[in-house]
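Below is one structure, written out as structure tokens; comments come after it.
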Amino acid sequence: MTAKLTAVRCGALTTVQDAGRRGHAHLGVPRSGALDAPAMRLANRLLGNHPDAAVLETTLTGCALRADRAVTAVVGGAPCPVTVDGRPAAWGAPVRVPAGAILDVGTASAGVRSYVAVAGGIAVEPVLGSRSTDLLSGLGPDPLRDGDVVPLGLPARPVALPSAAPWPAPPTELVLPVRPGPRADWFSPAALRTLTSATYRVSPHSNRIGLRTEGPALERASRGELPSEGMVLGAVQVPPDGRPVIFLHDHPTTGGYPVVAVVAEPALAAAAQAVAGTPVRFTPG
């Protein structure tokens, strides 16, 4: 039998995430998946897992997990204190968790989302080829609740693994390269200049669906209504208040507000770790 983890403390929001559900947007299914995919993959590589094996993604306040058998885990992504049965343990490196011990992932000291990878990966039942929790559609497992039990897969055969790795620091300023979106012509020339010259800030109302910003409103040149059309990861949509919203992994697949620009996907990992109040700049790219 494989090992299991029991959620002793689920934190503000802890979900199962992997590489997501690619190729189903035409069915109205978002990609979902880990917001900071490089952090997920690095944590998995430190354990010998497949880079896209399912992990737990925590939000700000971490979580605590009890292992029913001895397991090896890595906590990465947003830096945070890590303990095993109350004793300090390594962040960003493999940690041995004895049977019955509690792995506690503390509150992030920087950034937003920490990732808990365990040897063998999280082995909940896949839905449409992914184990990811999708908060918008409700596909995949529910967000973790206290007392939930999470199954693990079989660890890979022992190999020589690195004991640590360099982890990127969460951004103190979020710089997002953008290209013109399909509805850039719905905005005035002044609005387009504002987008790439003004400094915005991350709104506390951001979530896995979208990173909301606070700052100068973008003035529309067209006042018409836009029929719903397809939306992509990284789309910069402008709702009626004029403040840009960057669509993240749980975004809807269609929308009726104009998309002024699109952020390149590699830049979105930093967006996953930008705390409320972080300065945001959009740059041509």
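Here are some notes:
- Being modelled with pLDDT of 95 or more, surrounded by fewer than 19 Cβ atoms within 10 Å (Cβ to Cβ) and closer than 25 Å to Ala110 by Cβ is true of Val275.
- Of the residues Leu152, Leu139, the single one that is of a type outside the set (Gly, Ala, Ser) and open to solvent by 20 Å² or more (accessible area, probe 1.4 Å) is Leu139.
- Residues of the range 19-40 classified as surrounded by fewer than 20 Cβ atoms within 10 Å (Cβ to Cβ) and either of a type in the set (D, E, K, R) or within 12 Å of the chain's Cα centre (by Cα) (or both), total: 2
- The residues of the range 32-57 that are under 18 Å from Ala270 (Cα atoms), charged (D, E, K, R) and assigned to a loop (DSSP other than H, G, I, E, B) amount to a single one, Asp36.
- Whichever residue in the range 112-135 is assigned to a loop (DSSP other than H, G, I, E, B) and open to solvent by less than 10 Å² (accessible area, probe 1.4 Å) and, among such residues, is nearest to Pro51 (Cα to Cα): Gly121
- Only one entry of Pro38, Pro94 meets the criterion of being touching a residue at least 40 places away in the same chain (Cβ under 8 Å) and in contact with a strand residue (DSSP E or B) (Cβ under 8 Å, 6 or more places away or on another chain), and that entry is Pro94.
- Of all residues in the range 89-101, those satisfying the criterion of being open to solvent by less than 40 Å² (accessible area, probe 1.4 Å), under 17 Å from Ala67 (Cβ atoms) and touching a Leu at 6+ places or on another chain (Cβ under 9 Å) are Ala89, Val95, Val97.
- Here Pro151 fulfils each of the conditions (1) part of a loop (DSSP other than H, G, I, E, B); (2) in contact (Cβ under 8 Å) with a residue 12 or more places away in the chain apart from (1).
- Each residue in the range 217-229 was checked for being within 30 Å of Val112 (Cα to Cα) and either open to solvent by 50 Å² or more (accessible area, probe 1.4 Å) or small (Gly, Ala, Ser) (or both), and 1 of them qualify.
The values are calculated or read from the model by the stated rules, or taken from the named source; none is laboratory data. Predicted model only: the values in this text are computed from it and were never measured. Counting neighbours? That spans all protein chains shown, and the Cβs are built from the backbone with ideal geometry, glycine included. We work out accessible area using only protein heavy atoms, side chains counted, and drop any ligands, DNA or RNA first. Shrake-Rupley method; radii C 1.70, N 1.55, O 1.52, S 1.80 Å.
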